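Only one structure is covered here, and it is reproduced in the block below.
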Amino acid sequence: MARPHIEFIQSQALPWLEDHWNGRFGGTAVKVMSEDDETGAASTLVRYPSGWSRNAAEHLNADEELLVLDGAMEINGVSYTEFCYAHLPAGHTRRGASSENGCVAITFVSQSPETTAGEGPDDDAERLVEKVDTLGSKVDTSLRELGVDVDEGDGMLDGFKAFSRVLYREDPHTQDQTWMLSAPPLWRNDVIEIHPVVEEMYLVTGDLTGDTGLMKAGAYFWRPAGMPHGPFGSKTGNLLFFRTKGGPLSTHFEPGAHLFSWEAKLNPVLPPELAKYAPKVESEAEYY
């Protein structure tokens with residue numbers, strides 16, 4: 001079945017799994033947001049406890065892609081603090097890793113991760129992104145960087161003109177992309193979006209209202225290619241962490257089948273195994 005459509009879950013509702021993975025991730029706790037049941041590729045949150053360390057050289061059979069959300073960690077002497085990003089390809093040698101005071105990081109692995117002691121082949125250097133410090137990066141505000149393929153002068157994209165993006169990586173082989181997008185407060189649109197690639201998102205800060213309801217910080221979705229979605233808006237503004245699978249982002253916009261509403265009904269799309277973690281409204285302003 002590979003990965004099912006997930007749109008959306010609040011990651012706060014998912015359980016922490018102790019020692020879900022061994023080796024490189026031994027001693028951590030993991031929340032699995034989505035997983036490919038054929039390869040073990042997964043999108044997760046990993047929690048490193050205070051004092052966690054790995055002191056010997058080792059390498060993984062999987063790509064490890066991460067964004068620090070809270071705390072700090074160090075890999076190969078490189079410090080990763082809030083919103084620091086890395087993409088470490090399979091076979092990349094990790095000579096040491098630690099977290100003095102603990103850390104939580106969004107972590108993606110390209111298959112079920114297995115750790116091998118000793119130096120790795122380090123034969124995929126062109127895919128290595130050792131570190132991007134989001135808070136110190138230059139942002140891009142051009143509509144082209146949002147994968148737009150409609151006439152910028154037709155008025156459909158007015159809501160997107162205050163967006164900005166930090167592009168973390170574009171894979172030299174697949175052109176898959178990873179980036180952080182920011183949207184301003186009170187942004188909204190009335191268009192439907194369609195992408196020819198898988199789109200994956202974690203809502204880092206703020207809120208996002210869409211056709212499946214109100215998402216708050218910690219929300220996650222995995223959307224298959226070719227699926228219409230929207231319209232969208234945000235009362236507070238937000239930071240959104242995105243990935244594509246199957247190539248670079250491109251976006252086709254169509255006039256909305258219905259006008260945007262701040263009162264969009266909560267209607268998440270979830271596979272049966274995640275249904276018990278579906279977001280629920282406890283009060284007008286509270287999700288868990």
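The values are calculated or read from the model by the stated rules, or taken from the named source; none is laboratory data. On a predicted model such as this, the values are computed, not experimentally measured, just so you know. Neighbour counts run over all protein chains shown; Cβ positions are idealised from the backbone, glycine included.
Remarks
- Only one of the listed residues (182, 164) is within 21 Å of residue 133 (Cα to Cα), surrounded by fewer than 18 Cβ atoms within 10 Å (Cβ to Cβ), at pLDDT below 95 and in contact with a Leu (Cβ under 9 Å, 6 or more places away or on another chain). That residue is 164.
- Filter result (surrounded by 19 or more Cβ atoms within 10 Å (Cβ to Cβ) and aliphatic (A, V, I, L, M)) within the range 215-235: 215, 217, 219
- Count of the range 1-52 residues, restricted to those that are basic (Lys, Arg) and assigned to a strand (DSSP E or B), is 2.
- Positions within the range 206-241 being in contact with an Asp or Glu (Cβ under 7 Å, 6 or more places away or on another chain) and in a strand (DSSP E or B), in sequence order: 214, 215, 216, 221, 222, 223, 229, 234, 238
- Residue 32, sole failed condition from (1) β-branched (Val, Ile, Thr); (2) in contact (Cβ under 8 Å) with a residue 60 or more places away in the chain; (3) under 17 Å from residue 274 (Cα atoms): (2)
- Unmet requirement for residue 264, which otherwise passes all of (1) touching a Ser or Thr at 6+ places or on another chain (Cβ under 6 Å); (2) outside any loop (DSSP other than H, G, I, E, B): (2)
- Residue 199 vs. criteria of a type outside the set (Ser, Thr, Tyr), surrounded by fewer than 19 Cβ atoms within 10 Å (Cβ to Cβ) and within 15 Å of the chain's Cα centre (by Cα): no
- Among the residues of the range 117-161, the one identified as modelled with pLDDT of 95 or more, touching a Ser or Thr at 6+ places or on another chain (Cβ under 6 Å) and either basic (Lys, Arg) or surrounded by 15 or more Cβ atoms within 10 Å (Cβ to Cβ) (or both) is 120.
- All positions within the range 7-29 that are hydrophobic (A, V, I, L, M, F, W, C), surrounded by fewer than 20 Cβ atoms within 10 Å (Cβ to Cβ) and within 19 Å of the chain's Cα centre (by Cα): 13, 14, 16, 29
- Where a residue in the range 236-253 is farther than 24 Å from residue 36 by Cα and surrounded by fewer than 17 Cβ atoms within 10 Å (Cβ to Cβ) and its partner, wherever it lies, is modelled with pLDDT of 95 or more and of a type in the set (S, T, N, Q), with Cβ under 9 Å and at least six apart: 236/205; 237/205
- Strands (runs of 3 or more DSSP E) fully within the range 90-145 counting 3 or more residues that are more than 17 Å from the chain's Cα centre (by Cα), more than 19 Å from residue 245 (Cβ to Cβ) and assigned by TED's automatic domain parsing to the domain that holds residue 75: 97-99, 115-117
- Any hit, the range 259-280, residues being within 30 Å of residue 170 (Cα to Cα), among the charged types (D, E, K, R) and surrounded by fewer than 18 Cβ atoms within 10 Å (Cβ to Cβ): no
- Test set (1) surrounded by fewer than 20 Cβ atoms within 10 Å (Cβ to Cβ); (2) more than 19 Å from residue 270 (Cβ to Cβ) - residue 89 fails condition number: (1)
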